[in-house]
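Comments concern the structure below.
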There are 2 protein chains.
Amino acid sequence: MKVSDRTIERLSLYYRYLYILFQQGTQFISSKHLASLVGLKPEQVRKDLSYFGSFGRTGKGYEVVSLQRAIAKILGLEQGRKVAIVGVGNLGMALAGYKGFEALGFRIVAIFDSSANKIGKKYKGKVCHDIADFKEVSKKEGVEMVILTVPSEVVQEVAQSVAAAGIKAILNFAPVNLNVPKAVKVNNIDLASELKRLSYYAQGNRKDAD
Amino acid sequence: MKVSDRTIERLSLYYRYLYILFQQGTQFISSKHLASLVGLKPEQVRKDLSYFGSFGRTGKGYEVVSLQRAIAKILGLEQGRKVAIVGVGNLGMALAGYKGFEALGFRIVAIFDSSANKIGKKYKGKVCHDIADFKEVSKKEGVEMVILTVPSEVVQEVAQSVAAAGIKAILNFAPVNLNVPKAVKVNNIDLASELKRLSYYAQGNRKDAD
């Protein structure tokens with residue numbers, strides 16, 4: 001069963017809040033409460049969840065643990081995922097050593113760069129491979145997802161090589177909208193845009209009504 | 001005039017795509033086209049934009065440059081913003097040296113940590129201050145926004161000190177929902193969650209219909 005991008009987006013959100021609820025020791029949650037946490041309508045939450053089965057709904061609401069597990073299964077979070085990082089600059093290196101990934105089942109299995117200065121050297125305990133060998137190395141290491149931390153000028157070209165090697169999931173940090181085959185999903189994190197989104201509030205403009 | 005969080009969110013989106021259109025040399029854009037780029041309804045776009053005045057709308061649509069400028073003015077992007085980073089780990093250091101910020105008018109003016117090993121040392125050309133001196137140093141340096149790259153265990157406490165020093169805009173990288181006064185706006189970037197959102201697609205599950 002293939003699910004739309006928007007549904008996957010919402011399921012990821014539910015998962016994130018269920019995880020927090022679970023940590024807090026909450027056992028049951030109503031669709032109304034879950035909806036208010038994620039900022040959606042209760043009908044939407046009920047529709048999304050009913051679509052995938054009953055999810056252990058009882059008179060008290062959904063059971064947090066079983067709902068979380070069921071969503072994890074749909075999102076493919078049960079098994080670990082092998083991840084490669086392309087672009088060993090400051091950000092790439094920071095991500096290569098980021099402990100939060102491992103804790104959630106994501107393992108950085110390979111890192112790549114195009115610079116002769118970096119290829120063959122070790123960063124955060126991983127040997128940097130030549131991006132020209134991406135297809136070969138990523139097959140050998142079983143890479144399933146790729147994080148792109150290369151400069152904007154080359155990211156489109158790199159994304160095409162990554163897609164051509166059969167990778168279907170890319171997390172892109174360059175502020176560029178990538179053009180890749182439809183079967184490939186790209187999520188973007190644009191760090192400067194995140195600051196822009198905050199800039200309005202820097203002078204204490206927050207509307208209390210929100 | 002204070003604007004709701006959701007409107008600011010949409011204006012930031014418009015701004016991002018207008019910037020790309022501007023780079024591509026596009027002069028005019030219809031509300032329909034802009035709506036399709038950002039994934040909203042044309043009525044919503046027209047409503048948001050009419051709210052702030054005419055934005056140079058002509059028979060050909062909105063003029064990209066003037067629309068972009070008008071939104072920049074609302075979002076407070078015209079003047080630069082002074083930013084501090086709290087937490088000089090791998091990610092904090094990567095962000096302290098990130099060139100994409102400066103290009104958009106964000107200047108990292110101070111960095112902080114609590115570790116005696118780091119305080120007083122220079123990272124990416126900036127002296128690391130003691131987080132205990134945040135209020136004093138941030139006043140002196142005119143800090144307007146803060147990026148938090150501290151561990152999850154301490155982020156709530158750090159956020160409270162930052163808010164107590166009068167900072168109204170925080171970009172938080174720890175996977176924790178911060179509890180701060182209402183006047184403070186927090187945006188979260190949860191890197192591991194971004195990988196989770198992509199995990200579903202790693203096995204080629206993308207629905208073509210999207």
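Laboratory data are not the source of any read-out in this text; all were calculated from the coordinates shown. Here the structure is a predicted model, which is why all the values come from computation and not from measurement. Positions of Cβ are backbone-derived with ideal geometry, glycine not excepted, and every protein chain shown enters the neighbour counts.
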(request) Rank B:Pro151, B:Pro42, B:Pro175 by mean-square fluctuation in a GNM of chain B with C-alpha springs under 10 angstrom and give only the top-ranked residue. (result) B:Pro42
(request) Any chance you could list the semi-axes, whole Å, largest first, of the equivalent ellipsoid that the Cα gyration tensor gives for region B:119-210, using √(5λ)? (result) 33, 16, 12
(request) Can you check how the C-alpha radius of gyration of chain A compares to 2.2 N^0.38 Å, as a plain ratio? (result) 1.19
(message) Output the 0 to 90 degree angle, nearest 10, between the alpha-carbon long axis of helix A:64-75 and the longest principal axis computed from the alpha carbons of chain A.
(response) 40
(message) Taking the 0 to 90 degree range and rounding to the nearest ten, how far is the long axis of helix A:5-23 tilted relative to the main principal axis of chain A, both from C-alpha atoms?
(response) 70
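Just how large is the dipole of chain B about the Cα centre, in debye to the nearest 20, putting +1 at every Lys and Arg Cβ and -1 at every Asp and Glu Cβ?
560
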(request) Measure up B:Lys82/B:Lys121; A:Lys118/B:Lys122; A:Lys185/B:Lys2 against 27 Å on the Cα-Cα distance and list the ones that go over. (result) A:Lys185/B:Lys2
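Can you pull the mean other chain C-beta count within 10 Å for peptide B:182-194?
Per residue, the number of nearby Cβ atoms from other chains is 6 on average.
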(message) If each label sits 7 angstrom from Cα along the C-beta direction, how far apart, in nm, is A:Lys41 from its counterparts in the other copies?
(response) 1.0
(message) Just to check, using Stokes-Einstein with a Kirkwood Rh over alpha carbon pairs, what's the diffusion coefficient of the protein assembly as shown at 10 °C and 1.306 mPa s in µm²/s?
(response) 69
(request) For A:Arg81, list long-range residues whose amide hydrogen, built 1.01 Å from N in the peptide plane, is under 5 Å from its own amide hydrogen. (result) A:Phe106, A:Arg107
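Highest mean first, what order results for B:21-34, A:72-85 on Cβ atoms within 10 Å?
The peptides rank, most packed first, as A:72-85, B:21-34.
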(request) Return the percentage of antiparallel bridges among DSSP beta bridges fully within the protein assembly as shown, rounded to the nearest 5 %. (result) 25
(request) Report, for A:Lys73, each distance to the same residue's label point in the other copies, shortest first and in nm; define the point 7 Å along Cα→Cβ. (result) 5.6
(request) Once you have the Kirkwood Rh of region A:5-74 from its Cα pairs, apply Stokes-Einstein at 20 °C and 1.002 mPa s and quote D in µm²/s. (result) 183
(message) Just checking the output field for B:144-155: average partner chain Cβ neighbours within 10 Å of each residue's Cβ?
(response) 2
(request) Give me a single rounded figure for B:95-108: the average over its residues of other chain Cβ atoms within 10 Å of their Cβ. (result) 4
(request) Show the residues, 5+ positions off or on another chain, whose built amide H is closer than 5 Å to the amide H of A:Asn172. (result) A:Leu148, A:Asn187, A:Asn188, A:Ile189
(request) Output the antiparallel fraction of DSSP beta bridges having both residues in region A:81-194, as a percent to the nearest 5. (result) 10
(request) List the lysines whose Cα lies under 20 Å from the Cα of B:Lys41, skipping any in the same chain that are fewer than 8 positions away. (result) A:Lys41, B:Lys32, B:Lys60
(message) Let's see if you can work this out: charge +1 on each Lys and Arg Cβ, -1 on each Asp and Glu Cβ, no other charges. What is the dipole magnitude of the protein assembly as shown about its Cα centre, in debye to the nearest 20?
(response) 560
